[in-house]
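For reference, the structure is listed below as structure tokens.
What follows draws every value from the coordinates through simple rules; no lab data is involved. This is a predicted model, so every value here is computed, not measured. Virtual Cβ from ideal backbone geometry, glycine too; neighbours counted across all protein chains shown.
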Amino acid sequence: MSDDKLVAVIMGSESDRHIAEKVIKVLERYGVPYEVKVLSAHRNPKELEEYISSSKAHIFIGIAGLAAHLPGYIASRTKKPVIGVPVNVKLGGLDALLSIVQMPKRVPVATVGIDNGENAAYLALRILALYNPDIQRKLESEKQ
């Protein structure tokens, strides 16, 4: 595996760190290189756009609560897969879930359950395993 970061984990704010840690734990267990950033679609739109356009990551994981604009913003600026993780900040996380899952046509965001950073990481692993035999072998060996 190259030194390039395969997964970019982006949080809308530092308060989402506990969810990012769930993603990181799984990625590290499988030896997948990643990068973590705190960039808000509302507070840092220019920096976020620059990061998305310059990132060599193959997959983006966007973690966001409340209006949860982050995953959709990322998806609107890349053709790479984007996985959204809604965070329970208010309303049991349903506001974030609906914001992430209800994207317009041609701007898809794969969405996992509320606060479920682990599933976001596992979905990223499954996507990467389609063309990365090392990850595919690790996933297969775990099934047995």
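The long axis of helix 117-129 is offset from the longest Cα principal axis of the chain by roughly 50 degrees.
About its Cα centre, segment 7-138 has a charge dipole of approximately 400 debye under the convention of +1 per Lys or Arg Cβ and -1 per Asp or Glu Cβ, with nothing else charged. Rounded to the nearest 0.05, what FRET efficiency do L91 and E28 give with R0 = 41 Å and r taken as the Cβ-Cβ distance? Could you check? Computed FRET efficiency for L91 and E28: 0.80.
Applying both filters, DSSP loop and at most 15 other Cβ atoms within 10 Å, to the trypsin sites (Lys or Arg not before Pro) of segment 19-67 gives R43, K56.
Using 0.36 nm per residue and subtracting the Cα-Cα separation, the extra length available between Q136 and H18 on full extension is 39.8 nm. Taking each DSSP H run with n ≥ 4 as -39500 (n - 2.57) and averaging over every residue of the chain yields -12500 deg cm²/dmol at 222 nm.
Taking 17 Å as the cut-off, the amide N atoms of segment 61-102 that come nearer than this to a point 7 Å along the Cα-to-beta-carbon line of E49 belong to 69-79. Residues considered: V109, V82, V101. Largest GNM mean-square fluctuation over the chain, using C-alpha springs under 10 Å, is found at V101.
Annotation: the residues L130, L66, L39, sorted from fewest to most other C-beta atoms within 10 Å of their own C-beta, follow the order L130, L66, L39.
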